[in-house]
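**Q** Dropping the structure in here first, questions after.
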Amino acid sequence: MPYVRLWDKMLAMGHLLPLIALAAATMAAQNTGALLVATEASHDTDFAGTVVLVLDHDVHRATGLVLNRPVKISLAEVFPELKTGPALGQTAWAGGPVLLGVNALLRSGTPRAGLDRVLSGVYLIADKQRMRAEIAGTPAASFRVYLGVCGWGAGQLESEIRRGLWRAVPGSADLVFDAKPDTLWERLRLRVLH
């Protein structure tokens, strides 16, 4: 019984609220499809002012894609062999500082066979042949290509969250394919502050 009273007293005094908030943020970030919003405490040039979609998170690693950093490379340059397709005029995106591979996100209201579902209505494409096929027939607003990824080792992302470098928010297809990605970080940053 004394532990229950001590717990209640600590909770009433507000001592546990920061720990509860930290635990909730860490758990939210562990969900595939969560969005990580860099805080103003992040001074790493690779991540300052970014919004990252969590693609995968387990005890060994975490991976994600930066959603709000377009690069000055068109999809026609990434896929020079393609001559037509609604998305070819679009820009590619900097997916993260680990310059490993090309990935794409596809927005679709119907399940897509052979693709990894990241969250409702958002699918990951890691195969360039499949990307080529999607470019040919997918509206530009529903398809984005990312160069590179974000990667964290075991416990690294959790440590960054504990240090206040990230806040996690639930992801959605609307946020992943936001029409104004240049202001996405600021809008989400304001939302997590309130």
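**Q** Quick one: would you say H60 is of a type outside the set (G, A, S), within 30 Å of R117 (Cβ to Cβ) and either at pLDDT 90 or above or surrounded by fewer than 18 Cβ atoms within 10 Å (Cβ to Cβ) (or both)?
**A** On the way: of a type outside the set (G, A, S): yes; within 30 Å of R117 (Cβ to Cβ): yes; either at pLDDT 90 or above or surrounded by fewer than 18 Cβ atoms within 10 Å (Cβ to Cβ) (or both): yes.
Criteria met by H60.
**Q** Enumerate the pairs (first residue in the stretch 22-51 and under 8 Å from A168 (Cβ atoms) and modelled with pLDDT under 90; second residue anywhere and in a loop (DSSP other than H, G, I, E, B) and not aromatic (F, W, Y)) with beta-carbon separation below 7 Å, excluding pairs fewer than 6 apart on the same chain, so at least 6 apart or on different chains.
**A** Within 7 Å, the pairs are A28/A34.
**Q** In this structure, is V192 aliphatic (A, V, I, L, M) and more than 29 Å from S74 (Cβ to Cβ)?
**A** Details: aliphatic (A, V, I, L, M): yes; more than 29 Å from S74 (Cβ to Cβ): yes.
Yes, satisfied.
**Q** For the stretch 54-107, which strands (runs of 3 or more DSSP E) that fit wholly inside it have 3 or more residues that are more than 20 Å from A173 (Cβ to Cβ), touching a residue at least 12 places away in the same chain (Cβ under 8 Å) and among the hydrophobic types (A, V, I, L, M, F, W, C)? Explain how you work it out, then say what you get.
**A** On the way: elements: 61-66, 70-74, 91-94, 98-107.
Once the strands (runs of 3 or more DSSP E) in the stretch 54-107 are filtered for at least 3 residues that are more than 20 Å from A173 (Cβ to Cβ), touching a residue at least 12 places away in the same chain (Cβ under 8 Å) and among the hydrophobic types (A, V, I, L, M, F, W, C), what remains is 98-107.
**Q** Here's a follow-up. When the stretch 155-182 is examined, which residues are found to be part of a helix (DSSP H, G or I) and small (G, A, S)? Let's see the steps before the verdict.
**A** Taking the stretch 155-182 and keeping what is part of a helix (DSSP H, G or I), we get 156-162, 173-176, 181-182.
Scanning the stretch 155-182 gives S159, A173.
**Q** To continue, here is another question. Any chance the stretch 68-77 includes a residue that's of a type outside the set (D, E, K, R) and either under 16 Å from the mean Cα position of the chain (by Cα) or at pLDDT below 90 (or both)? Walk me through how you get there before you give the answer.
**A** So the first thing to find is which residues in the stretch 68-77 are of a type outside the set (D, E, K, R), and the list is 68, 70-71, 73-76.
Filter once more, so that each one left must be either under 16 Å from the mean Cα position of the chain (by Cα) or at pLDDT below 90 (or both): 68, 70.
Yes: the stretch 68-77 contains one or more residues that are of a type outside the set (D, E, K, R) and either under 16 Å from the mean Cα position of the chain (by Cα) or at pLDDT below 90 (or both).
**Q** Quick test for you: out of I125, I161, pick the one residue that is touching a Leu at 6+ places or on another chain (Cβ under 9 Å), aliphatic (A, V, I, L, M) and without any contact (Cβ under 8 Å) to a residue 40 or more places away in the chain. It would help to see each step written out before you state the result.
**A** Values: I161 fails: without any contact (Cβ under 8 Å) to a residue 40 or more places away in the chain.
Step by step, each of I125, I161 is checked, and only I125 is touching a Leu at 6+ places or on another chain (Cβ under 9 Å), aliphatic (A, V, I, L, M) and without any contact (Cβ under 8 Å) to a residue 40 or more places away in the chain.
**Q** What number of residues within the stretch 162-194 are exposed (fewer than 14 other Cβ atoms within 10 Å of the Cβ) and hydroxyl-bearing (S, T, Y)?
**A** 1
**Q** Something else now. Go through the residues of the stretch 182-191 one by one and say whether even a single one is touching a Leu at 6+ places or on another chain (Cβ under 6 Å) and modelled with pLDDT of 95 or more. Reasoning before the result, please.
**A** Taking the stretch 182-191 as the starting set, the residues that turn out to be touching a Leu at 6+ places or on another chain (Cβ under 6 Å) are none.
Checked against the condition, which is being touching a Leu at 6+ places or on another chain (Cβ under 6 Å) and modelled with pLDDT of 95 or more, the stretch 182-191 yields no hits at all.
**Q** Also, quick follow-up: Please state which one of W185, W152 is in a helix (DSSP H, G or I) and of a type in the set (F, W, Y).
**A** On the way: W152 fails: in a helix (DSSP H, G or I).
None of the others qualify; the one that does is W185.
**Q** Further question on the same structure: Out of the residues in the stretch 110-146 meeting the condition of being of a type in the set (A, V, I, L, M, F, W, C) and surrounded by fewer than 18 Cβ atoms within 10 Å (Cβ to Cβ), tell me which one is modelled with the lowest pLDDT. Spell out the reasoning first.
**A** To start, the set of residues in the stretch 110-146 that are of a type in the set (A, V, I, L, M, F, W, C) comprises 113, 115, 118-119, 122, 124-126, 131, 133, 135-136, 140-141, 143, 145.
The next check asks that each one be surrounded by fewer than 18 Cβ atoms within 10 Å (Cβ to Cβ); those that pass are 113, 126, 133, 136, 140-141.
On the way: A113: 89, A126: 94, A133: 88, A136: 82, A140: 85, A141: 90.
Filtering the stretch 110-146 for residues that are of a type in the set (A, V, I, L, M, F, W, C) and surrounded by fewer than 18 Cβ atoms within 10 Å (Cβ to Cβ), the one modelled with the lowest pLDDT comes out as A136.
The values are calculated or read from the model by the stated rules, or taken from the named source; none is laboratory data. Since the model is a prediction, treat every value here as computed from it, not as a measurement. Glycine gets a Cβ as well: all are built from the backbone with ideal geometry, and neighbour counts include every protein chain shown.
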